[in-house]
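Asks: Before I ask anything, let me first share the structure, which is written out below as structure tokens.
The values are calculated or read from the model by the stated rules, or taken from the named source; none is laboratory data. From a predicted model like this one, the values you see are computed outputs, not experimental measurements. Backbone-built Cβ (ideal geometry, glycine too); neighbour counts: all protein chains shown.
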Amino acid sequence: MASIDLHFHSHASDGALPPAEVIARAAERQATLVALTDHDCTSGLAEAAATAFSLGVDFLNGVEISVTWNVRHTVHIVGLGIDPAHPALAEGLAGIRAGRVNRARDMAASLAKAGITGAFEGAMAVCDNPEMIGRTHFARHLVNSGQVKDVRTVFRKYLTPGKPGYVPHEWAALADAVGWIRAAGGIAVIAHPGRYDLSWTLKDRLILDFKDAGGQAIEVASGSHGLDDLHRYALVSERYGLLASAGSDFHAPNESGRDVGRTDDLPAICKPVWEALNERIIRAPRAAGI
Ligand code: AMP
Ligand code: MN
Ligand code: MN
Ligand code: MN
């Protein structure tokens, strides 16, 4: 396992832990380089960077942008090494967040028709950052209130396309998301490619569109990837000339497949994205003797 984790969440978006706690958890698991990548927001980065610095962990500012590609497909683009204060990025992310509360009201109305009432208030109560309200908060509320046994089951029964609580939403355009990341000095990464329900013809088009927009990397090691995906996307990164990234996509203890702070080693054919981010890494002093 590598001691690098460039994709995980805090309660600034839909993670369960505050930024300082998720970084401390990564440090306990001997992480040496991490990036916090909350969905569509950067408000946890300052606390995360300060904690990483104090615990001797190198840090990259990150974000995971929600994108609608090819009319109806949701894909996630991670930005690594960004300057969160860059106006194009900050304004772009603010625009995405602006749609979330109305979407959540529509989701609650849709769930109410399926017999589940009070979901908006319930989801808001477990959401630290109201403008970042999303499906995970609805899922946690339904589990906490004893209505569904676990988060996975809520998604399967209510929160995925075609199910009663699912509301289609238009996120950012792919070229915009990649453009904001680049403008902010970062590298754009296709997140968890193994998770998208797309044919290979469409995945090929997604990767080519992403490269045309200026995208440079793809997640090869991911909490959403099994060993088959690890090797499959290592080959994809080589074939398309993309740098390779590694991230757990950790959200919460007992909820995520992988814990934070460690990821599978990248296969040898990969070119690690962090080697291209050297000058963006916020380096922490190491404790003496380590
Ligand atoms: P949203 O941005 O509000 O659509 O929420 C998307 C988030 O829901 C993802 O980032 C995941 O954290 C979570 N999610 C999506 N699909 C699933 C699933 N099948 N099981 C558990 N969590 C999921
Ligand atoms: Mn999430
Ligand atoms: Mn994602
Ligand atoms: Mn994620």
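Asks: Could you list, in sequence order, the residues of region 222-252 that are closer than 30 Å to VAL126 by Cβ and either within 15 Å of ligand 2 (Cβ to nearest atom) or small (Gly, Ala, Ser) (or both)?
Replies: Those that are closer than 30 Å to VAL126 by Cβ and either within 15 Å of ligand 2 (Cβ to nearest atom) or small (Gly, Ala, Ser) (or both): SER222, GLY223, SER224, GLY226, SER245, ALA246, GLY247, SER248, ASP249, PHE250, HIS251, ALA252.
Asks: For residues in region 1-31 being surrounded by fewer than 18 Cβ atoms within 10 Å (Cβ to Cβ) and in a loop (DSSP other than H, G, I, E, B), which is modelled with the lowest pLDDT?
Replies: Among them, the one singled out is MET1.
Asks: Looking at (1) more than 30 Å from PHE59 (Cβ to Cβ); (2) in contact (Cβ under 8 Å) with a residue 12 or more places away in the chain, which is the only condition VAL178 fails?
Replies: It is condition (1) that VAL178 fails.
Asks: Could you please tell me which pairs satisfy a Cβ distance under 9 Å, a separation of 6+ or placement on different chains, a first residue in region 76-92 that is under 14 Å from ILE187 (Cα atoms) and at pLDDT 95 or above, and a second residue that is buried (at least 18 other Cβ atoms within 10 Å of the Cβ) and among the basic types (Lys, Arg)?
Replies: Cβ pairs passing all conditions: GLY79/ARG182; LEU80/ARG280; GLY81/ARG280; ILE82/ARG280; ASP83/ARG280.
Asks: If you check every pair at least six apart or on different chains, which have Cβ atoms under 7 Å apart with a residue in region 145-156 that is within 16 Å of ALA119 (Cα to Cα) and of a type in the set (A, V, I, L, M, F, W, C) first and a residue that is part of a loop (DSSP other than H, G, I, E, B) and within 16 Å of ligand 4 (Cβ to nearest atom) second?
Replies: So the pair list comes out as VAL151/GLU255.
Asks: Among the residues of region 251-290, how many are β-branched (Val, Ile, Thr), assigned to a loop (DSSP other than H, G, I, E, B) and under 16 Å from SER222 (Cα atoms)?
Replies: In the first step, residues of region 251-290 are kept if they are β-branched (Val, Ile, Thr); the result is 260, 263, 269, 273, 281-282, 290.
Keeping just the survivors that are assigned to a loop (DSSP other than H, G, I, E, B) gives 260, 269, 281, 290.
Next, only the ones that are under 16 Å from SER222 (Cα atoms) stay: 260.
Summing the residues that are β-branched (Val, Ile, Thr), assigned to a loop (DSSP other than H, G, I, E, B) and under 16 Å from SER222 (Cα atoms) in region 251-290 gives 1.
Asks: Out of region 254-267, which residues are within 16 Å of ligand 1 (Cβ to nearest atom) and either in contact with a helix residue (DSSP H, G or I) (Cβ under 6 Å, 6 or more places away or on another chain) or modelled with pLDDT of 95 or more (or both)?
Replies: First pass over region 254-267, keeping only residues within 16 Å of ligand 1 (Cβ to nearest atom): 254-260.
The answer is GLU255, ASP259, VAL260.
Asks: Looking only at region 127-158, which residues are within 8 Å of ligand 1 (Cβ to nearest atom) and either assigned to a loop (DSSP other than H, G, I, E, B) or of a type in the set (S, T, N, Q) (or both)?
Replies: ILE133, GLY134, THR136
Asks: Let me ask something additional. Hey, ARG239 hits all of (1) charged (D, E, K, R); (2) touching a residue at least 24 places away in the same chain (Cβ under 8 Å); (3) not in a loop (DSSP other than H, G, I, E, B) but one; which does it fall short on?
Replies: The one condition ARG239 does not meet is (2).
Asks: Of all residues in region 244-255 being touching a residue at least 40 places away in the same chain (Cβ under 8 Å) and touching a Phe, Trp or Tyr at 6+ places or on another chain (Cβ under 9 Å), which is nearest to ARG135 (Cα to Cα)? Full working, then the answer.
Replies: Restricting attention to region 244-255, the residues satisfying the condition of being touching a residue at least 40 places away in the same chain (Cβ under 8 Å) are 245-253, 255.
This time we only want the ones that are touching a Phe, Trp or Tyr at 6+ places or on another chain (Cβ under 9 Å), so: 245-251.
Details: SER245: 25, ALA246: 24, GLY247: 21, SER248: 19, ASP249: 16, PHE250: 16, HIS251: 13 Å.
Checking each candidate, the answer is HIS251.
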